[in-house]
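Student: Before anything else, here's the structure in question.
Throughout, read-outs are computed from the coordinates displayed, never taken from laboratory work. Not measured: the values here are computed from a predicted model. Note: ideal-geometry Cβ built from the backbone for every residue, glycine included; neighbour counts use all protein chains shown.
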Amino acid sequence: MRVKKAVIPAAGFGTRMLPATKSIPKEMLPLVDRPSIHYIVEEAVSSGIEEILIIISRGKEAVCDYFDYTPELEEKLKKSGREEDAAALRAIADMAKVTFIRQKEQHGLGHAVAQAKTFTGDEPFAVLLGDDVMEGNPPVTRQLLDVFEETGAPVVGVAEVPTSEIHRYCSLGVTPVSERVMEVHQLVEKPTPEQVLSNYAILGRYVLTRDIYPILEGLSTGFGGEIQLTDGLNELCRQSKLFALAYQGTRYDTGNLRGYLEAQVKLALQHPDVGAWFAEFLKTL
């Protein structure tokens with residue numbers, strides 16, 4: 001079945017990027033000349049997604065405004081002879097059909113995903129975390145969709161992380177199926193050293209089915225007193241198949257300062273207008 005819908009949870013407080021995120025949604029912090037969430041939506045669209053639900057919270061109206069038309073500004077640009085700039089702004093709103101819902105209280109990623117039930121209905125859907133900017137060819141979401149279309153089962157995007165870092169993620173117990181595809185049989189969120197199942201961790205991309213909703217709705221709070229999507233997936237893999245794909249690409253965790261700066265430099269160097277200048281500038285430092 002072709003996946004046409006995606007969900008982007010973007011309701012978090014952004015505490016790792018304070019004080020900037022005190023008044024600016026972390027998803028709207030710029031990476032070169034566009035906010036980080038632009039790259040997330042662009043990845044979804046490039047993967048074949050047509051409809052996107054962005055889950056926001058109070059104070060994140062700027063995210064909604066970004067994907068809306070700005071007729072007054074567009075007209076002003078046209079009058080100034082900047083038709084290309086006006087068209088570029090219009091294209092942002094036309095990338096996909098983007099809708100929004102407020103998560104009234106933040107109770108974890110599992111709780112956020114559960115808010116998408118009406119939007120996705122009976123259809124499978126992708127989940128792209130708003131903190132994780134990915135570079136991949138094909139796009140990382142497209143890689144997961146290919147596995148889903150082949151297996152018909154939910155799939156998560158994973159990568160190996162250092163042993164010293166696995167406690168910050170979830171650890172997966174897996175059995176290899178092919179070169180980069182594994183079947184998942186257990187997941188542990190934020191494991192202690194004794195709980196580590198492997199160094200494979202989910203990093204920001206999922207393709208799920210409606211089967212996840214009754215599980216999430218029945219979950220008790222887990223790590224950090226939150227409804228953990230990981231706990232839901234752990235139950236899902238007991239009931240049916242769940243696959244993991246060791247995706248090919250680069251992830252930038254823009255929800256923390258180091259990842260944000262890494263993405264900023266890498267994307268600036270690739271930018272057609274400023275990349276060459278920026279490379280020379282860095283040599284002078």
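Student: Whole Å is fine, so just give me how far the alpha carbon centre of segment 146-168 lies from that of segment 22-58.
Tutor: So the separation of the two Cα centres works out to 22 Å.
Student: Ratio of alpha-carbon Rg to the 2.2 N^0.38 Å globular estimate for the chain, to two decimals, please.
Tutor: On the way: Rg = 19.3 Å, N = 285, 2.2 N^0.38 = 18.8 Å.
The chain yields a ratio of 1.03.
Student: Taking a ≥ b ≥ c as the square roots of the eigenvalues of the Cα gyration tensor of segment 1-148, is the shape rounded (a/c under 1.5), prolate (a/b larger than b/c) or oblate?
Tutor: In terms of gyration-tensor shape, oblate.
Student: Got a sec? How would Tyr252, Tyr213, Tyr39 order by Cβ neighbour count within 10 Å, fewest to most? Present the calculation step by step, with values, prior to reporting the outcome.
Tutor: Numbers: Tyr252 24, Tyr213 16, Tyr39 21.
Ascending Cβ contact count within 10 Å gives the list Tyr213, Tyr39, Tyr252.
Student: While we're looking at this one, here's another question. Ranked by Cβ crowding within 10 angstrom, fewest neighbours first, how are Ser80, Ser164, Ser46 ordered? Walk me through the intermediate numbers first.
Tutor: Working: Ser80 10, Ser164 7, Ser46 15.
By the 10 Å Cβ count, ascending: Ser164, Ser80, Ser46.
Student: Taking the Cα centre of segment 5-269 as origin, work out the dipole magnitude from +1 charges on Lys and Arg Cβ and -1 charges on Asp and Glu Cβ, in debye rounded to 20.
Tutor: Values: 27 positive and 38 negative charges, 118 e Å.
So the dipole magnitude of segment 5-269 works out to roughly 560 debye.
Student: For the chain, modelled as a GNM with alpha-carbon contacts under 10 angstrom, which of Arg251, Arg238, Arg142 fluctuates the most?
Tutor: Looking only at Arg251, Arg238, Arg142, the biggest GNM fluctuation is shown by Arg238.
Student: Any idea which of Gln115, Pro25, Thr175 is furthest toward the positive side of the dipole for the chain, if Lys and Arg beta-carbons carry +1 and Asp and Glu beta-carbons -1?
Tutor: Sorting the options by dipole projection puts first Pro25.
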